[in-house]
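Each remark here refers to the structure printed beneath this line.
The values are calculated or read from the model by the stated rules, or taken from the named source; none is laboratory data. Here the structure is a predicted model, which is why all the values come from computation and not from measurement. All Cβ positions, glycine included, derive from the backbone under ideal geometry; neighbour counts span all protein chains shown. The protein model used for the area step is the full one, side chains on, heavy atoms only, and it has no ligands, DNA or RNA in it. Shrake-Rupley method; radii C 1.70, N 1.55, O 1.52, S 1.80 Å.
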Amino acid sequence: MTVSTLVSCSVVICAYTTERWTDLCAAVDSVLTQNMPVLEVLVVIDHSEELFSRAERHFAGETRVTVLRNSGPKGLSGARNTGVRAASGDMIAFLDDDARAEPDWYRVSAAHYSDPDVLGVGGFASPVWPADRPVWMPAEFDWVVGCSYVGQPTRIEPVRNFIGCNMSLRRTVFDAVDGFSDGIGRVGKTPVGCEETELCIRIRAHQPTAQLLFDPAMKVAHRVSDDRTTFRYFLSRCFHEGVSKALVSDLVGSGDALSSERVYTARVLPRAVVTGIASPRHGGLARAGAVVAGLTATTAGYVRGLVGLRSKRGTA
(Lines give C-alpha, C1' and ligand atoms only; values in the text may rest on other atoms or scores of the structure.)
Protein backbone atom coordinates (compact mmCIF):
# COMPACT_ATOMS: atom_id res chain seq x y z
CA MET A 1 0.00 0.00 0.00
CA THR A 2 1.43 3.40 -0.98
CA VAL A 3 1.30 6.63 0.99
CA SER A 4 -1.37 8.02 -1.34
CA THR A 5 -3.74 5.11 -0.65
CA LEU A 6 -3.31 5.02 3.12
CA VAL A 7 -6.26 6.25 5.14
CA SER A 8 -5.41 9.54 6.81
CA CYS A 9 -4.61 9.13 10.50
CA SER A 10 -5.19 11.29 13.55
CA VAL A 11 -3.40 10.01 16.66
CA VAL A 12 -4.87 10.80 20.07
CA ILE A 13 -2.54 10.72 23.09
CA CYS A 14 -4.10 11.55 26.46
CA ALA A 15 -2.05 12.68 29.46
CA TYR A 16 -2.89 13.78 32.98
CA THR A 17 0.34 14.13 34.98
CA THR A 18 3.73 15.81 34.68
CA GLU A 19 5.26 12.68 36.23
CA ARG A 20 5.15 11.11 32.76
CA TRP A 21 6.54 14.09 30.88
CA THR A 22 9.51 12.20 29.43
CA ASP A 23 7.22 9.35 28.42
CA LEU A 24 4.76 11.73 26.77
CA CYS A 25 7.50 13.33 24.68
CA ALA A 26 8.76 9.89 23.64
CA ALA A 27 5.23 8.80 22.70
CA VAL A 28 4.68 11.85 20.50
CA ASP A 29 8.12 11.46 18.92
CA SER A 30 7.41 7.81 18.09
CA VAL A 31 4.35 8.91 16.11
CA LEU A 32 6.05 11.81 14.34
CA THR A 33 8.85 9.51 13.16
CA GLN A 34 6.62 6.83 11.63
CA ASN A 35 7.87 5.53 8.28
CA MET A 36 4.57 6.71 6.82
CA PRO A 37 3.64 10.22 8.07
CA VAL A 38 0.45 10.60 10.10
CA LEU A 39 -1.87 13.53 9.49
CA GLU A 40 -1.82 14.92 13.03
CA VAL A 41 -1.14 14.19 16.69
CA LEU A 42 -3.68 15.42 19.23
CA VAL A 43 -2.29 15.62 22.76
CA VAL A 44 -5.23 15.90 25.15
CA ILE A 45 -4.44 17.10 28.67
CA ASP A 46 -6.85 15.82 31.30
CA HIS A 47 -7.57 18.70 33.67
CA SER A 48 -3.98 19.69 34.52
CA GLU A 49 -3.18 23.30 33.72
CA GLU A 50 0.48 22.79 34.64
CA LEU A 51 0.85 19.97 32.13
CA PHE A 52 -1.20 21.80 29.50
CA SER A 53 1.02 24.88 29.66
CA ARG A 54 4.19 22.82 29.53
CA ALA A 55 2.98 20.74 26.59
CA GLU A 56 1.69 23.77 24.70
CA ARG A 57 5.10 25.46 24.98
CA HIS A 58 7.08 22.33 24.14
CA PHE A 59 5.13 21.36 21.02
CA ALA A 60 4.53 24.91 19.75
CA GLY A 61 7.00 24.48 16.88
CA GLU A 62 5.60 21.18 15.62
CA THR A 63 2.91 21.85 13.02
CA ARG A 64 1.42 18.36 13.22
CA VAL A 65 0.93 18.46 17.01
CA THR A 66 -2.06 20.13 18.65
CA VAL A 67 -2.37 20.35 22.43
CA LEU A 68 -5.92 20.38 23.79
CA ARG A 69 -7.64 20.59 27.15
CA ASN A 70 -10.06 17.81 27.98
CA SER A 71 -13.40 19.56 27.44
CA GLY A 72 -15.36 16.68 28.97
CA PRO A 73 -15.54 15.00 32.37
CA LYS A 74 -12.23 14.24 34.04
CA GLY A 75 -10.84 10.87 33.05
CA LEU A 76 -9.51 8.92 30.10
CA SER A 77 -12.89 8.52 28.41
CA GLY A 78 -13.59 12.25 28.45
CA ALA A 79 -10.09 13.02 27.19
CA ARG A 80 -10.37 10.51 24.35
CA ASN A 81 -13.74 11.92 23.33
CA THR A 82 -12.20 15.40 23.22
CA GLY A 83 -9.53 14.08 20.87
CA VAL A 84 -12.09 12.35 18.68
CA ARG A 85 -14.11 15.55 18.29
CA ALA A 86 -11.02 17.45 17.18
CA ALA A 87 -9.68 14.76 14.85
CA SER A 88 -9.88 15.16 11.09
CA GLY A 89 -8.37 11.87 9.92
CA ASP A 90 -10.31 8.98 8.40
CA MET A 91 -8.75 6.72 11.03
CA ILE A 92 -8.28 7.66 14.68
CA ALA A 93 -5.52 5.85 16.52
CA PHE A 94 -5.01 5.85 20.29
CA LEU A 95 -1.64 5.60 22.00
CA ASP A 96 -1.01 5.86 25.73
CA ASP A 97 1.26 8.63 26.99
CA ASP A 98 3.71 6.04 28.35
CA ALA A 99 3.84 3.90 25.19
CA ARG A 100 6.04 4.14 22.12
CA ALA A 101 4.87 3.04 18.67
CA GLU A 102 7.12 0.99 16.41
CA PRO A 103 8.08 2.80 13.15
CA ASP A 104 5.58 0.86 11.00
CA TRP A 105 2.72 1.06 13.53
CA TYR A 106 0.56 3.36 11.39
CA ARG A 107 1.25 1.50 8.15
CA VAL A 108 0.36 -1.91 9.60
CA SER A 109 -2.89 -0.65 11.08
CA ALA A 110 -3.97 1.41 8.06
CA ALA A 111 -3.46 -1.47 5.61
CA HIS A 112 -6.49 -3.30 7.06
CA TYR A 113 -8.89 -0.46 6.30
CA SER A 114 -8.94 -1.34 2.60
CA ASP A 115 -11.66 -3.78 3.70
CA PRO A 116 -14.82 -1.71 4.33
CA ASP A 117 -16.01 -4.18 6.98
CA VAL A 118 -12.96 -3.47 9.13
CA LEU A 119 -13.96 -0.78 11.62
CA GLY A 120 -11.06 -1.13 14.03
CA VAL A 121 -7.60 -2.62 14.47
CA GLY A 122 -5.76 -3.34 17.69
CA GLY A 123 -2.19 -4.42 18.20
CA PHE A 124 0.41 -5.93 20.48
CA ALA A 125 1.76 -4.09 23.54
CA SER A 126 4.97 -5.40 25.08
CA PRO A 127 5.86 -4.41 28.66
CA VAL A 128 9.00 -2.39 29.36
CA TRP A 129 9.81 -3.24 32.98
CA PRO A 130 11.77 -0.81 35.19
CA ALA A 131 14.20 -3.64 35.95
CA ASP A 132 13.66 -7.38 35.74
CA ARG A 133 10.17 -8.75 35.34
CA PRO A 134 8.76 -9.69 38.79
CA VAL A 135 9.29 -13.43 39.15
CA TRP A 136 5.78 -13.92 40.51
CA MET A 137 4.06 -12.05 37.65
CA PRO A 138 2.21 -14.47 35.34
CA ALA A 139 2.28 -13.53 31.65
CA GLU A 140 -1.42 -14.38 31.55
CA PHE A 141 -2.00 -11.27 33.68
CA ASP A 142 0.07 -8.75 31.73
CA TRP A 143 -3.23 -6.95 31.04
CA VAL A 144 -2.84 -5.70 34.62
CA VAL A 145 -0.05 -3.42 33.38
CA GLY A 146 -1.84 -2.56 30.14
CA CYS A 147 0.01 -5.02 27.93
CA SER A 148 -0.66 -8.04 25.76
CA TYR A 149 -0.98 -11.31 27.62
CA VAL A 150 -0.94 -15.06 27.13
CA GLY A 151 -4.37 -16.00 25.88
CA GLN A 152 -4.60 -13.31 23.23
CA PRO A 153 -4.38 -14.31 19.55
CA THR A 154 -0.92 -14.78 18.07
CA ARG A 155 -1.97 -14.01 14.48
CA ILE A 156 -4.37 -11.69 12.67
CA GLU A 157 -7.93 -12.51 13.68
CA PRO A 158 -11.15 -10.90 14.91
CA VAL A 159 -11.41 -10.05 18.60
CA ARG A 160 -14.10 -8.68 20.89
CA ASN A 161 -12.06 -5.69 22.02
CA PHE A 162 -8.62 -4.11 21.98
CA ILE A 163 -6.01 -3.13 24.52
CA GLY A 164 -6.56 0.59 24.99
CA CYS A 165 -2.94 1.69 24.69
CA ASN A 166 -2.72 0.46 21.09
CA MET A 167 -5.80 0.64 18.88
CA SER A 168 -7.36 2.46 15.95
CA LEU A 169 -10.92 2.94 14.74
CA ARG A 170 -12.59 4.43 11.68
CA ARG A 171 -13.77 7.96 12.27
CA THR A 172 -17.27 6.95 11.07
CA VAL A 173 -17.56 4.63 14.08
CA PHE A 174 -17.86 7.60 16.40
CA ASP A 175 -20.51 9.21 14.22
CA ALA A 176 -22.55 6.01 14.49
CA VAL A 177 -22.21 5.02 18.16
CA ASP A 178 -20.96 8.20 19.82
CA GLY A 179 -17.77 7.92 21.82
CA PHE A 180 -16.40 6.35 24.96
CA SER A 181 -18.79 6.11 27.91
CA ASP A 182 -17.90 8.69 30.55
CA GLY A 183 -19.03 6.45 33.42
CA ILE A 184 -16.38 3.84 32.65
CA GLY A 185 -12.61 3.97 32.56
CA ARG A 186 -9.57 5.32 34.31
CA VAL A 187 -9.60 8.61 36.20
CA GLY A 188 -6.09 9.60 37.25
CA LYS A 189 -4.34 6.70 38.98
CA THR A 190 -7.50 4.78 39.91
CA PRO A 191 -6.85 1.36 38.31
CA VAL A 192 -10.14 0.86 36.50
CA GLY A 193 -10.74 0.26 32.82
CA CYS A 194 -12.95 -1.46 30.25
CA GLU A 195 -14.00 1.69 28.39
CA GLU A 196 -12.62 0.28 25.13
CA THR A 197 -14.33 -3.07 25.79
CA GLU A 198 -17.72 -1.40 26.18
CA LEU A 199 -17.17 0.70 23.05
CA CYS A 200 -16.17 -2.30 20.94
CA ILE A 201 -19.24 -4.25 22.09
CA ARG A 202 -21.44 -1.29 21.13
CA ILE A 203 -19.82 -1.16 17.71
CA ARG A 204 -20.57 -4.82 17.04
CA ALA A 205 -24.13 -4.41 18.32
CA HIS A 206 -24.68 -1.50 15.94
CA GLN A 207 -23.09 -3.29 12.97
CA PRO A 208 -22.94 -7.10 13.44
CA THR A 209 -20.85 -7.52 10.28
CA ALA A 210 -18.14 -5.22 11.64
CA GLN A 211 -14.63 -6.63 11.80
CA LEU A 212 -12.48 -5.66 14.79
CA LEU A 213 -9.09 -7.15 14.05
CA PHE A 214 -6.07 -7.91 16.20
CA ASP A 215 -2.77 -7.69 14.33
CA PRO A 216 0.31 -8.63 16.39
CA ALA A 217 2.51 -6.77 13.90
CA MET A 218 0.98 -3.46 15.05
CA LYS A 219 3.39 -3.02 17.96
CA VAL A 220 3.99 -0.63 20.82
CA ALA A 221 6.30 -0.78 23.81
CA HIS A 222 4.41 0.13 27.00
CA ARG A 223 6.46 1.33 29.97
CA VAL A 224 5.59 -0.18 33.34
CA SER A 225 6.20 2.20 36.24
CA ASP A 226 7.68 1.00 39.53
CA ASP A 227 4.41 1.35 41.41
CA ARG A 228 2.76 -1.14 39.03
CA THR A 229 5.23 -3.92 39.77
CA THR A 230 4.01 -4.57 43.31
CA PHE A 231 1.71 -7.40 44.34
CA ARG A 232 -0.51 -4.85 46.05
CA TYR A 233 -1.09 -3.02 42.78
CA PHE A 234 -1.69 -6.35 41.04
CA LEU A 235 -4.52 -7.21 43.42
CA SER A 236 -5.97 -3.70 43.29
CA ARG A 237 -5.95 -3.65 39.49
CA CYS A 238 -7.61 -7.08 39.35
CA PHE A 239 -10.29 -6.00 41.82
CA HIS A 240 -11.06 -2.81 39.92
CA GLU A 241 -11.15 -4.74 36.65
CA GLY A 242 -13.90 -6.85 38.17
CA VAL A 243 -15.80 -3.72 39.21
CA SER A 244 -15.44 -2.35 35.69
CA LYS A 245 -16.65 -5.62 34.18
CA ALA A 246 -19.78 -5.37 36.33
CA LEU A 247 -20.46 -1.89 34.93
CA VAL A 248 -20.00 -3.14 31.37
CA SER A 249 -22.28 -6.12 32.06
CA ASP A 250 -24.91 -3.72 33.32
CA LEU A 251 -24.68 -1.64 30.14
CA VAL A 252 -24.45 -4.32 27.45
CA GLY A 253 -25.41 -7.58 29.19
CA SER A 254 -23.17 -10.25 30.70
CA GLY A 255 -23.26 -12.38 27.53
CA ASP A 256 -21.12 -9.92 25.56
CA ALA A 257 -19.34 -8.40 28.52
CA LEU A 258 -17.93 -11.73 29.74
CA SER A 259 -17.65 -13.74 26.52
CA SER A 260 -13.85 -13.56 26.29
CA GLU A 261 -13.43 -13.89 30.05
CA ARG A 262 -15.25 -17.24 30.12
CA VAL A 263 -12.74 -18.77 27.72
CA TYR A 264 -9.86 -17.11 29.55
CA THR A 265 -10.86 -18.46 32.97
CA ALA A 266 -11.84 -21.91 31.69
CA ARG A 267 -8.79 -22.59 29.52
CA VAL A 268 -5.95 -20.11 29.90
CA LEU A 269 -5.77 -19.73 33.67
CA PRO A 270 -6.00 -23.45 34.60
CA ARG A 271 -3.18 -24.14 32.15
CA ALA A 272 -1.13 -21.35 33.75
CA VAL A 273 -1.59 -22.85 37.23
CA VAL A 274 -0.56 -26.32 36.05
CA THR A 275 2.48 -24.92 34.23
CA GLY A 276 3.51 -22.94 37.31
CA ILE A 277 3.25 -25.89 39.65
CA ALA A 278 5.31 -27.98 37.23
CA SER A 279 8.24 -25.52 37.39
CA PRO A 280 8.67 -24.63 41.08
CA ARG A 281 12.39 -23.79 40.80
CA HIS A 282 11.81 -20.91 38.42
CA GLY A 283 9.13 -19.04 40.34
CA GLY A 284 6.38 -21.26 39.03
CA LEU A 285 4.67 -21.74 42.37
CA ALA A 286 4.60 -17.98 42.94
CA ARG A 287 3.09 -17.41 39.49
CA ALA A 288 0.51 -20.14 40.06
CA GLY A 289 -0.44 -18.50 43.35
CA ALA A 290 -0.68 -15.10 41.65
CA VAL A 291 -3.05 -16.55 39.05
CA VAL A 292 -5.36 -17.84 41.78
CA ALA A 293 -5.11 -14.57 43.72
CA GLY A 294 -5.73 -12.47 40.63
CA LEU A 295 -8.79 -14.46 39.62
CA THR A 296 -10.14 -14.29 43.19
CA ALA A 297 -9.63 -10.51 43.36
CA THR A 298 -11.25 -9.96 39.97
CA THR A 299 -14.24 -12.09 40.93
CA ALA A 300 -14.58 -10.21 44.20
CA GLY A 301 -14.53 -6.92 42.32
CA TYR A 302 -17.20 -8.13 39.93
CA VAL A 303 -19.47 -9.18 42.80
CA ARG A 304 -18.81 -5.88 44.57
CA GLY A 305 -19.69 -3.99 41.41
CA LEU A 306 -22.97 -5.84 40.97
CA VAL A 307 -23.92 -5.28 44.61
CA GLY A 308 -23.14 -1.57 44.27
CA LEU A 309 -25.27 -1.24 41.15
CA ARG A 310 -28.21 -2.98 42.81
CA SER A 311 -27.87 -0.79 45.89
CA LYS A 312 -27.99 2.35 43.73
CA ARG A 313 -31.14 1.14 42.04
CA GLY A 314 -32.68 0.35 45.39
CA THR A 315 -32.10 3.88 46.65
CA ALA A 316 -33.02 5.63 43.41
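Distance between the pseudo-spin-label points of residue 279 and residue 156 (7 Å out from Cα toward the beta carbon): 3.1 nm. The stretch between residue 85 and residue 311, if pulled fully straight at 0.36 nm per residue, gains 77.9 nm over its current Cα-Cα span.
Split the accessible area of the stretch 46-141 by element, probe 1.4 Å, and carbon with sulfur accounts for 48%. Placing +1 on each Lys and Arg Cβ and -1 on each Asp and Glu Cβ, with no other charges, gives the chain a dipole about its Cα centre of roughly 940 debye. When peptides 276-285, 240-249 are sorted by average Cβ neighbour count within 10 Å, with the highest value leading, the order is 240-249, 276-285.
Solvent exposure of the stretch 9-229 amounts to 39 Å² per residue of accessible area, where only protein heavy atoms count and the probe is 1.4 Å.
In terms of packing, defined here as the mean over residues of other Cβ atoms within 10 angstrom, the peptides 145-153, 264-272 line up highest first as 145-153, 264-272.
If you scale each eigenvalue of the Cα gyration tensor by 5 and take the root, what three semi-axes come out for the chain, rounded to whole angstrom and sorted largest first?
30, 22, 21
For every helix of n ≥ 4 consecutive DSSP H residues, a contribution of -39,500 (n - 2.57) applies; sum these over the chain, divide by its total residues, and give [θ] at 222 nm rounded to the nearest 500 deg cm²/dmol. Let's see the in-between values first.
Working: 11 runs with 131 residues, N = 316.
Mean residue ellipticity, 222 nm, calculated: -13000 deg cm²/dmol.
Using alpha carbons only, how many degrees (0 to 90, rounded to 10) separate the axis of helix 76-86 from the longest principal axis of the chain? Around 20 degrees separate the two axes. Using a 7 Å offset from Cα along Cα-Cβ at residue 128, what residues in the stretch 38-65 end up with backbone N under 11 Å from the label point? In the stretch 38-65, the label zone of residue 128 (backbone N under 11 Å from the point 7 Å along Cα→Cβ) covers no residue. With no solvent and one equal point scatterer per Cα, compute the Debye intensity ratio I(q)/I(0) for the stretch 224-311 at 0.16, 0.19, 0.27 Å⁻¹ and report its log10, rounded to two decimals. Summing over Cα pairs of the stretch 224-311 leads to -0.71, -0.92, -1.23. In the stretch 116-227, the ratio of gyration radius to Kirkwood radius, Rg to Rh, stands at 0.99 when only Cα atoms are counted. Work from the charge dipole of the chain (Cβ charges, +1 for Lys and Arg, -1 for Asp and Glu, about the Cα centre) and give the residue of 152, 294, 127 farthest towards its positive end. The residue sitting most towards the positive pole is 294. Alpha carbon centre of the stretch 219-283 versus the stretch 18-44: separation in Å? Using only Cα atoms to place each centre, the spacing works out to 29 Å. When peptides 119-127, 215-223 are ranked by their average number of other Cβ atoms within 10 Å per residue, the highest-first order is 119-127, 215-223.
What nm distance separates the two modelled labels at residue 230 and residue 25, each placed 7 Å from Cα along Cα→Cβ? The two pseudo-label positions are separated by 2.8 nm. Placing a label point 7 Å from the Cα of residue 267 along the Cα-to-Cβ direction, the residues of the stretch 276-316 with a backbone N closer than 19 Å are 276.
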